[in-house]
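Let me begin by presenting the structure, written as structure tokens, before commenting on it.
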Amino acid sequence: MASTIKLDPEYVVAPVNRRTFGSFAEHLGRSIYSGLYEPDHPSADRQGFRRDVLDLVRELGVTIVRYPGGNFVSGYRWEDGVGPADQRPRRLDLAWHSTEPNSFGVDEFMAWAKAAGVEPMMAVNLGTRGIQEALDLLEYCNVPSGTRLSDQRRTNGAEEPYRVKMWCLGNEMDGPWQIGGMTAHEYGRLASRTAKAMRMIDPTLELVACGSSHSSMPTFGLWEREVLTQTYDDVEFVSTHAYYFEEDGDLASFLASGVNMDYFIDSVIATADHVGAALKQSKKIGISFDEWNVWYQQRAESRLPSGDDWPVAPVLLEDKYNVADAVVVGSLLISLLRHSDRVRSACLAQLVNVIAPIMTQPGGPAWKQTTFHPFALTARYAKGDVLNLAVRCATVATKKFGDVPTIDAVATRDAETGDLAIFLVNRQVDGGQEVVVDLSSIAERKIVESVVLANPDLMWAASAADSTSVAPQPLTADIQDDGLHFTLPPVSWAMVRVAA
Ligand code: AHR
């Protein structure tokens with residue numbers, strides 16, 4: 001039986017937030033060094049940025065990039081990474097058991113962000129540091145001139161302030177692995193005091209309090225309640241982080257990862273609104289889903305150096321993504337878009353080489369992983385308002401989440417042009433799914449483009465030698481009296497664009 005989807009322009013969730021299509025560049029492995037920055041690379045510009053990577057970042061459609069971490073930020077001294085390159089110290093990076101050469105720092109990141117056309121989003125170190133260092137970094141970045149640190153920035157070559165709007169107050173401070181990790185009470189107090197002080201420099205900042213590192217943390221829920229009770233007046237966002245992977249060959253549960261993301265987001269909204277109600281506040285806290293992706297944390301790729309080995313930019317977290325991983329990434333974007341009323345920013349973690357859609361070889365090529373495609377197409381064509389869809393379909397049994405719908409979908413509609421984009425996944429492993437989208441509430445319409453990402457070999461992954469043989473392909477679709485018809489292959493992500 002065909003799955004049916006009812007689409008109605010009246011079912012508006014919220015406008016598409018451009019910041020939903022953010023990403024993340026941490027000092028970790030080869031994300032920065034030989035990723036964004038490789039002065040000796042044949043494509044490097046005069047600032048040492050790889051142009052081949054910049055081109056792919058623009059094609060990916062990333063809108064905002066979080067920097068410099070991640071776990072790295074909790075031991076970072078930002079002053080090490082500014083000023084004359086030959087005077088910058090090398091330091092131990094305890095988070096990733098590496099050596100940080102500091103050749104790339106705040107000024108390089110801001111110049112890179114400008115070249116890439118993305119908004120910079122900064123994190124401050126609340127692990128080994130505190131209010132004063134956060135204020136210093138803010139002064140360096142955002143004060144126009146006439147103070148020691150703003151003038152230092154100008155001396156270092158940046159006449160204009162960077163005007164960074166969005167700031168994370170630390171990173172994953174609930175995690176026992178985090179340098180300087182804290183209890184919710186300790187962190188909530190520090191985040192509140194840091195936020196209040198930062199707002200004395202600039203009241204218009206958009207600040208993010210750390211939420212839970214994932215929804216299965218033992219403190220999840222209680223952490224958010226305590227932290228938001230302390231910071232409700234001080235922040236606009238609470239963060240969420242989630243990484244998914246196929247565990248013990250359980251593909252069905254893996255394909256249903258979006259169900260967990262929906263649950264995570266809904267639970268954080270409920271907790272934030274509970275705190276708001278208790279505090280008699282009408283303000284609604286937004287979610288900054290500032291780390292999300294597929295990440296095979298148990299694989300050798302994620303094993304840290306150890307002992308006396310403190311390498312510079314080691315190969316770390318270089319997951320190779322297959323077709324099923326790309327379908328899951330597409331489905332997680334569907335979940336994020338569906339919650340656009342509260343998820344106001346999100347960062348695919350990460351951008352280059354480290355659990356990333358873009359890979360590079362030092363001195364060699366840059367290429368797209370499978371996960372690049374659903375992200376790039378969603379970022380390019382999700383425009384206007386997000387529409388909630390009424391989906392009727394069969395269910396598939398999963399070990400982790402019980403019975404879940406085989407089809408997940410969301411749509412966007414540009415009210416000015418009337419253009420629609422529908423994004424879908426088929427989670428069924430062993431069968432195609434015929435889909436009929438009821439478009440009766442849309443006057444005249446024609447299919448502009450329909451593409452699908454699928455492959456009989458679910459394990460296919462891109463490499464430097466072949467990154468193109470599994471890319472989105474045209475999907476046969478047509479409009480009949482009862483709506484838009486197409487068939488989704490098993491384990492697939494698809495996009496159908498309709499012009500009105
Ligand atoms: O993205 C990799 C790591 O995952 C980040 O450094 C940390 O915040 C999270 O645990």
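The values are calculated or read from the model by the stated rules, or taken from the named source; none is laboratory data. A quick note: this is a predicted structure, and the numbers were derived from the prediction, not measured. Every residue, glycine among them, receives a Cβ derived from its backbone with ideal geometry; neighbour counts consider all protein chains shown. In case anyone asks, the SASA skips ligands and DNA or RNA and just uses the protein heavy atoms, side chains included. Shrake-Rupley method; radii C 1.70, N 1.55, O 1.52, S 1.80 Å.
For segment 271-298, a residue qualifies if it is surrounded by 13 or more Cβ atoms within 10 Å (Cβ to Cβ), within 16 Å of the ligand (Cβ to nearest atom) and in a loop (DSSP other than H, G, I, E, B), and the qualifying residues are Trp295, Tyr296. Taking the condition within 16 Å of the ligand (Cβ to nearest atom) and open to solvent by less than 40 Å² (accessible area, probe 1.4 Å), does Ser43 pass? Criteria not met by Ser43. Could you list, in sequence order, the residues of segment 410-443 that are more than 18 Å from Ala14 (Cβ to Cβ), open to solvent by less than 10 Å² (accessible area, probe 1.4 Å) and assigned to a strand (DSSP E or B)? Hits for segment 410-443 are Leu424, Val425, Asn426, Val435, Val437.
Of Leu279, Leu207, Leu222, Leu228, all but one fail to be out of contact with any Pro (no Cβ under 7 Å at 6 or more places or on another chain) and farther than 26 Å from Asn125 by Cβ; the exception is Leu279. From the list Val53, Val65, the lone residue that is in contact with a helix residue (DSSP H, G or I) (Cβ under 7 Å, 6 or more places away or on another chain) and not in a loop (DSSP other than H, G, I, E, B) is Val65. Applying the criterion of being closer than 18 Å to Leu255 by Cα and open to solvent by less than 10 Å² (accessible area, probe 1.4 Å) to the residues of segment 331-354, the residue that is nearest to the ligand (Cβ to nearest atom) is Leu348. The lone criterion from (1) away from the ligand (no atom under 16 Å from the Cβ); (2) in a helix (DSSP H, G or I); (3) buried (at least 23 other Cβ atoms within 10 Å of the Cβ) left unmet by Glu79 is number (3).
Out of segment 193-239, which residues are more than 16 Å from the ligand (Cβ to nearest atom) and of a type in the set (Ser, Thr, Tyr)? Matches in segment 193-239: Thr194, Thr204, Thr229, Thr231, Tyr232. Here Asp308 passes the criteria (1) assigned to a helix (DSSP H, G or I); (2) over 30 Å from Val452 (Cα atoms) except the one numbered (1). Does segment 20-35 include one or more residues that are surrounded by fewer than 17 Cβ atoms within 10 Å (Cβ to Cβ), modelled with pLDDT of 95 or more and away from the ligand (no atom under 16 Å from the Cβ)? No; the residues of segment 20-35 include none that is surrounded by fewer than 17 Cβ atoms within 10 Å (Cβ to Cβ), modelled with pLDDT of 95 or more and away from the ligand (no atom under 16 Å from the Cβ).
Applying the criterion of at least 2 residues that are over 21 Å from Ala415 (Cβ atoms) to the strands (runs of 3 or more DSSP E) found wholly in segment 324-389 leaves 343-348, 358-360, 366-368.
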